[in-house]
Structures are given as C-alpha cells and as structure tokens.
Amino acid sequence: MIRIFAATIATLLLALPAQAFETQARAAYVVDQTTGTVLLTKNADEPLPPASMSKLMTLYMAFEAIERGKSNGGLDLTEELPVSQHAMSYGGSTMFLDTTDRVKVEDLLRGIIVLSGNDACAVIAEALSPDGSEAGFARLMTQRAQQMGMTNSTFANSNGWPAAGHRMSLRDLGLLATRLIEDYPQYYPMFSQREFLFDGRAPQNKTKRNPLLGLGIGADGLKTGHTEEAGYGLVGSAKQGDRRVVFVLSGLESAAARAQESESIVNWAFRQFSQRSMGKAGTMIAEAPVALGAQGAVGLELESDLSVLVPVSGGSDVSAEVVYTGPLRAPITKGQNIGELVLTRGDLPEVRAPLVARDSVAAGGFMVKLEAAARHLLTRLNEGPEAAS
C-alpha cells in the first residue's frame, strides 16, 4: 500500500473541529444527508421502543405498494379499504375509524403522517399482510427492514403500540428517513402538511405534532413519537440551501424538551458545519509511477465530483492522502480505478473518494522491458554478491 500526502488538497481544507453537541436525549443520531456525514451518535445502535416513529416503516411499505400498483398486489391512492374490528379497537392517536368506513388509501396515508393514526396503520397493514393480519404485516416489516440494512429493527405491529420485541435503533430510523426522502420524493411533501381534518371528525386531533414545522428553519418532516416507555422522540429533517440534515432523538422527558432539543440540533448542524467542494470529476490529484509502461507515470483524478462537510470553527487542519496499491503496472486504461483520496477531518469520519487513471498507459516495448531488467539487476548487484545470487 503506497501513501502520498496530497498537500495541494490539504491547503484547501483548512477546517477545524466543531464542538460536540451535548444532547439531553437518551439516544440521538444526526447525519448530513447531502454528504452522508454522521455528525452525532449517542446510543444510536441500541434497539429501543420507537413508539409512533416506527409508523415510518409502514409508510415506506405503503409507498412501495403504491408504486407496485394494484394489479401487482399493491395499492392505488384512490382505492378504498375496509376497516376491521381490530383496526377500530386501537386507542391513542386515531382517525376515529369504525367498521362502517371504507377509506381512501391517500386519506389513510395523511391520517398516519399528520394525525399519527394507529387505526389507519392497521388498515394499511391488513390490506398488505400475507395472511390478512397486522401480525403478519409486522413480520413482513421486519423482513423488509433487514433487507434495507436496518439490522436493529424488529416489529410486533404496524404503529408502535407498546409491545414486547417492538424495537428500532435510531440509526435505523435515520436510514429509513433518508430512504423515504430519496426513494419517494413525490410523496414526501405530505410530511410537511400541518393539518388534516378527516371527514370532519375529531377536531381535537387534526394538527401534526412536529414542533419544528413553521419555524423558518427548513424543517419539513417527518414523525414524532411518544409512549411512557419510549419517552418523547422525533425523526426530523430540515433543508437549508443545498444541505439537508436528518436527525433522530428519543427518550426526552416532555414535548417541550423535544421541541427545544430538536430546534437546537438543527441549528447546531447547519451553523457548525459547512459544505466545501473539493473538486469536480476529472480534477488531477496526484501522479503515480508506472512500471513497464510506455510512460513512466499516470495521473490520478477524481472519478466524480467531491463535496465534503467540514467544521467551521476549532483548532486543527484537515489532511489528505492518496492511497493505492503499487507498484502500478502497465497496461493501464483511462478511467481505471487506481486508488483513493482519503480525507481526515478531526473527529468526523474520514472520507474516501475513488481515484481513476487520467490517461491510458500502454505496455512498454522490448527496450523498456530491457531497461527495467537492467535497472533491477544493477540494484541487486549494488546490494552485494549475496543479493545478486
């Protein structure tokens, strides 16, 4: 493994470590979605009771079903679904559905997102369940979560109603929020809807509980949660300029504490870090020697645009290294993956960006190989008779 200190890049990365955020939450996870930089973790991989925040998994699977279409075993937004006795029996936050209702899928989605309807989740779950039961859908949720890389998530129901074994880690919730934003941008605006009065029912439950919406800080989602066991939590996201931050908090003592902590997290994430462009695709980063080639070296360039997040205040520079396995041997093809540019930014996770060959390097002819053999022999001879033998 060969390492080259990339001084020209390092001079562009004068960045300093930010102060760590001291959260009062039992667990927390904050990621800059734009660059993929994890800014804060606190008990982020511990499976915890997620309360209503786990409704995001039901929503994700509902969106998948809508995209799949009714003809392929999915859903249609205008389709009307029946309400079972089981769904109607849920307490807590509900749409106040009863067994005489047939409810459009789109209204059920808004009922989950805005009203946190436990009954609405159960209606969707029973419609998509392999055996028609909410428990069957919960098993499907667990399986799909594992497929998505959410390895610390298991579900006992569709809505986060307190149940043994119903757990999610905050990192999993952050991954799920990011997938919702990236995979289903056509439905994501629903998460910023602040009021939904379904069929004139229950005016006392018509307003979304997300405390950040309307504060002018770019917040546009996603889901609050609260049970006695879980405390107060929030899966949130905010966008300012070209940057988006996703954060998850859990275990706060009150709705007021949740509101204050969430706003503080958003302000910290945007004010203490800034996004810097390190170069466009094709930017020359370094040069590496090539053995037995028609040329003696090849340029290494960025494979794609590189933008990183850096702290805006603190006390140490960010460094850069080019890393590749050498010696490089011809032939080399233009665009061939050669190595990586590794950026180190204090306490932030390192960034590794692929580097590719700037040009093709053909294998050298007879004279090149002869000269290489002669140089090798001369080196061995200079090392002494024992080495030469």
Assuming Thr224 fulfils every condition listed in (1) modelled with pLDDT of 95 or more; (2) farther than 30 Å from Ser307 by Cα; (3) outside any strand (DSSP E or B) apart from one, which condition is it? (3)
I'd like to know if the range 38-45 contains one or more residues that are within 15 Å of Arg171 (Cβ to Cβ), assigned to a strand (DSSP E or B) and open to solvent by 60 Å² or more (accessible area, probe 1.4 Å). yes
Kindly indicate the residue of the range 98-130 that is touching a strand residue (DSSP E or B) at 6+ places or on another chain (Cβ under 9 Å), open to solvent by less than 10 Å² (accessible area, probe 1.4 Å) and among the small types (Gly, Ala, Ser) and also farthest from Asp199 (Cα to Cα) among those meeting that condition. Ser116
Screening Met168, Met148 for residues that are surrounded by fewer than 21 Cβ atoms within 10 Å (Cβ to Cβ), closer than 17 Å to Tyr60 by Cα and in contact with a helix residue (DSSP H, G or I) (Cβ under 8 Å, 6 or more places away or on another chain) leaves only Met148
Go through the range 264-279 residue by residue and tally those that are among the small types (Gly, Ala, Ser) and at pLDDT 95 or above. 2
When you go through Glu261, Glu321 one by one, which is the residue that is at pLDDT 90 or above and open to solvent by 50 Å² or more (accessible area, probe 1.4 Å)? Glu321
On the basis of being at pLDDT below 95 and among the polar types (S, T, N, Q), does Ser93 make the cut? yes
Across the range 300-317, which residue is modelled with the lowest pLDDT among those that are open to solvent by 10 Å² or more (accessible area, probe 1.4 Å) and over 15 Å from Thr344 (Cβ atoms)? Ser313
The correct count of residues that are closer than 21 Å to Ala135 by Cβ and surrounded by fewer than 17 Cβ atoms within 10 Å (Cβ to Cβ) in the range 60-91 is 7
Looking at the structure I just gave you, is Thr178 out of contact with any strand residue (DSSP E or B) (no Cβ under 9 Å at 6 or more places or on another chain), open to solvent by less than 60 Å² (accessible area, probe 1.4 Å) and touching a residue at least 40 places away in the same chain (Cβ under 8 Å)? no
Looking at this structure, is Ala27 under 15 Å from Gly251 (Cβ atoms), in contact with a Phe, Trp or Tyr (Cβ under 8 Å, 6 or more places away or on another chain) and at pLDDT 95 or above? no
Restricting attention to the range 273-294, which residues are open to solvent by 50 Å² or more (accessible area, probe 1.4 Å) and outside any strand (DSSP E or B)? Lys280, Ala281, Leu292, Ala294
Would you say Gly236 is over 30 Å from Gly136 (Cβ atoms), at pLDDT 95 or above, out of contact with any Lys or Arg (no Cβ under 7 Å at 6 or more places or on another chain) and of a type in the set (Gly, Ala, Ser)? yes
Give the residue, chosen from Ala269, Ala320, Ala297, that is over 23 Å from Glu350 (Cβ atoms) and touching a strand residue (DSSP E or B) at 6+ places or on another chain (Cβ under 7 Å). Ala297
When the residues of the range 116-154 are narrowed to those that are touching a residue at least 60 places away in the same chain (Cβ under 8 Å), in contact with a Ser or Thr (Cβ under 6 Å, 6 or more places away or on another chain) and not in a helix (DSSP H, G or I), which ends up farthest from Leu175 (Cα to Cα)? Ser116
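Residue-wise test of (1) modelled with pLDDT of 65 or more; (2) part of a helix (DSSP H, G or I); (3) open to solvent by 60 Å² or more (accessible area, probe 1.4 Å); (4) at negative phi.
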position	(1), (2), (3), (4)
Gly335	yes, no, no, no
Ile338	yes, no, no, yes
Leu341	yes, no, no, yes
Pro349	yes, no, yes, yes
Ala353	yes, no, no, yes
Provide a single number: the residues in the range 286-334 that are of a type in the set (Asp, Glu) and farther than 19 Å from Arg358 by Cα. 1
Within the range 232-251, which residues are more than 18 Å from the chain's Cα centre (by Cα) and open to solvent by 10 Å² or more (accessible area, probe 1.4 Å)? Tyr232, Gly241, Gly251
Can you find a residue in the range 223-231 that is on the phi > 0 side of the Ramachandran plot and surrounded by 14 or more Cβ atoms within 10 Å (Cβ to Cβ)? yes
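The values are calculated or read from the model by the stated rules, or taken from the named source; none is laboratory data. Worth saying up front: this structure is predicted, and the values here are computed from it rather than measured. Using ideal geometry, Cβ is built from the backbone for each residue, glycine included, and neighbour counts are taken over all protein chains shown. Surface areas here come from the heavy atoms of the whole protein model, side chains and all, with no ligands, DNA or RNA. Shrake-Rupley method; radii C 1.70, N 1.55, O 1.52, S 1.80 Å.
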